[in-house]
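A short worksheet on the structure shown next.
The values are calculated or read from the model by the stated rules, or taken from the named source; none is laboratory data. Please read all numbers here as calculations on a predicted model, not as lab measurements. So basically every Cβ, Gly included, is an ideal-geometry build from the backbone, and we count neighbours across all protein chains shown.
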Amino acid sequence: MPKQIFERPTITRLTPGMPSKHGAGSVVSPFPVIEGIRVDDLMDKYGSPVYIYSERVIRRAMEDIKRAFSLRYNKVQMAWSYKTNYLDAICRIFHQEGSWAEVVSGFEYDKAIRNGIKGENIIFNGPGKSFEELEIAVRNGSFIHIDNVDELYMISDLCQRNDLEARVAIRVNMDIGIYPKWDRFGLNYENGEAWDVINRIMINPRLKLVGLHTHIGTFIISTDAYRIAATKLADLAFNIAQKFDHYISYLDLGGGFASKNTLRGAYFSGEDTTPSYDEYAETITSAILNSQIKPDKLPTLILETGRALIDSAGYIAGTVQAIKRLSDGRRATIVDVGVNFLFTAFWYDHKLFPVNSHSGLVEETTVYGPLCMNIDVLRPSLMLPALKRGDRFVITRTGAYNTTQWMQFIRKRPNVILIDMNRNVHLIRRAETLDDISGNEVVPQYLK
Ligand SMILES: *Cc1c(COP(=O)(O)O)cnc(C)c1O
């Protein structure tokens, strides 16, 4: 066991909420430290707002998910979902932990190659692949997950013209008991479309059917949905073996596991309702093992888990800009993090903590970002102590999707830092400058 880093003991003053006739008031505890480093120090050095990632939390999550699945099934392969977080430093941690790359665009494909991933370890998903992108992926021997019939013919055309062979899988959509159905991606199971395309692939000598894929959605808290999905994919695999005596090499169950965040408006906290990796693993692996596939022909199980692995490893620290009263007397807190930097505020009731301790008095407040847009609301209603202009805060579990779906609207993107396993701090994406943003613009001569 590696030597643990010494952690100085601290004494924290407990500040109980003011009691009232309804009992003790809610308490908002301060959040002064991330991975043993004072948030104030990080913000003094890297500014506000700042994105902060913990390498330890990422590696721990990878260990946990790999353990949960490999205990139950002996061929498991993780593939990091680039669109969930494609900062190179973050991707490389996942790759070091053994993950392949799962990409959904040519841009992400190029990023994966630049991160040192071999073409044959890239899974190429997505509904809008271009002819040129497909050709590169075929030449590199990547796994191409066919989304639609047009794509099938595009691949077979380019293979014919260039005398190439392609490793393909199909993306399957299906009724998994969650409505409205997600049927816009991939080929449908129930209406026979998936089976039809499988038959077309199997008679094409240039196409090697290596796998079956589904991605049933995101933040799926029903393990039963995965049981249905795995059962239907295994069924297809068995039918392929029966008819063609061909054994596919993998079943890819996609991503979609929920993180421990709480969905907006949910009554119970995500910490209490999100299934564990063990629960997801138990359901998925038993569906595959209980299928009719022969034990010595069991395919590799691929997982493209994104959100659940990275959400808790990310934080955003920011600063209060102003406090005001709305016309109905409610308190409003304006902060320097808007939905431009925290896209997931549309989905989650993100937790927000003051960095330093305050009096026990809390009051309901709306938390607004700094954008001049009505939709820029981080939390419609939140109990917070009486923060003032200049006070700092931390928002937790912000690791998924926020540094890919961030928006360049009226503000430049801030620094992104990583705290490594030894508590060294690394700048992994520097704050943007005016040149980063305006450098691509061209002013016609006559306007100069
Ligand atoms: C987005 C996506 C993922 C990752 O989904 P999460 O919900 O973040 O786990 C995996 N596979 C595909 C095809 C995706 O589009």
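Okay, here's what the table says:
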item: Residue within region 244-258 that is farther than 19 Å from G306 by Cα, hydrophobic (A, V, I, L, M, F, W, C) and in the same structural domain as P275 (by TED's automatic domain parsing) present; result: yes
item: Qualifying positions in region 128-139 - surrounded by 13 or more Cβ atoms within 10 Å (Cβ to Cβ) and either within 12 Å of the ligand (Cβ to nearest atom) or part of a loop (DSSP other than H, G, I, E, B) (or both); result: K129
item: Test for F238: is it within 15 Å of the ligand (Cβ to nearest atom) and either at pLDDT below 95 or in the same structural domain as S259 (by TED's automatic domain parsing) (or both); result: no
item: Test: residue in region 93-103 that is out of contact with any helix residue (DSSP H, G or I) (no Cβ under 9 Å at 6 or more places or on another chain) and either under 26 Å from M202 (Cβ atoms) or assigned by TED's automatic domain parsing to the domain that holds I417 (or both); result: no
item: Failed condition for Q405, given (1) surrounded by fewer than 22 Cβ atoms within 10 Å (Cβ to Cβ); (2) more than 27 Å from F268 (Cα to Cα); result: (2)
item: Hey, N402 of a type outside the set (F, W, Y), over 27 Å from the mean Cα position of the chain (by Cα) and either under 17 Å from I34 (Cβ atoms) or within 16 Å of the ligand (Cβ to nearest atom) (or both) or not; result: no
item: Matching strands (runs of 3 or more DSSP E) fully within region 373-448 where at least 1 residues are β-branched (V, I, T), in contact (Cβ under 8 Å) with a residue 60 or more places away in the chain and under 28 Å from S81 (Cα atoms); result: 392-396, 416-419, 425-429
item: Count - residues of region 206-232 that are within 16 Å of I288 (Cα to Cα) and more than 14 Å from the ligand (Cβ to nearest atom); result: 7
item: Residues being within 16 Å of the ligand (Cβ to nearest atom), touching a Phe, Trp or Tyr at 6+ places or on another chain (Cβ under 9 Å) and not in a loop (DSSP other than H, G, I, E, B) - total across region 140-170; result: 5
item: Output for region 264-285, where each listed residue is at pLDDT 95 or above, of a type outside the set (S, T, Y) and within 30 Å of P380 (Cα to Cα); result: P275
item: Set P275, P295, P299: member being out of contact with any Pro (no Cβ under 8 Å at 6 or more places or on another chain), surrounded by fewer than 23 Cβ atoms within 10 Å (Cβ to Cβ) and closer than 20 Å to G399 by Cβ; result: P275
item: Checking I117 against (1) more than 18 Å from the chain's Cα centre (by Cα); (2) surrounded by 17 or more Cβ atoms within 10 Å (Cβ to Cβ); (3) in a helix (DSSP H, G or I), the condition it does not meet; result: (3)
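Results for (1) in contact with an Asp or Glu (Cβ under 8 Å, 6 or more places away or on another chain); (2) touching a residue at least 24 places away in the same chain (Cβ under 8 Å); (3) not assigned by TED's automatic domain parsing to the domain that holds M202, shown as yes or no for each residue.
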residue	(1), (2), (3)
I146	no, yes, no
Y153	no, no, no
V168	no, yes, no
R171	yes, yes, no
G177	yes, yes, no
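Residue by residue, here is whether (1) closer than 26 Å to A230 by Cα; (2) away from the ligand (no atom under 14 Å from the Cβ) holds:
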| site | (1), (2) |
| --- | --- |
| P49 | no, yes |
| Y53 | no, yes |
| A61 | yes, no |
| N74 | yes, yes |
| S81 | yes, no |
| Y86 | no, no |
| F94 | yes, no |
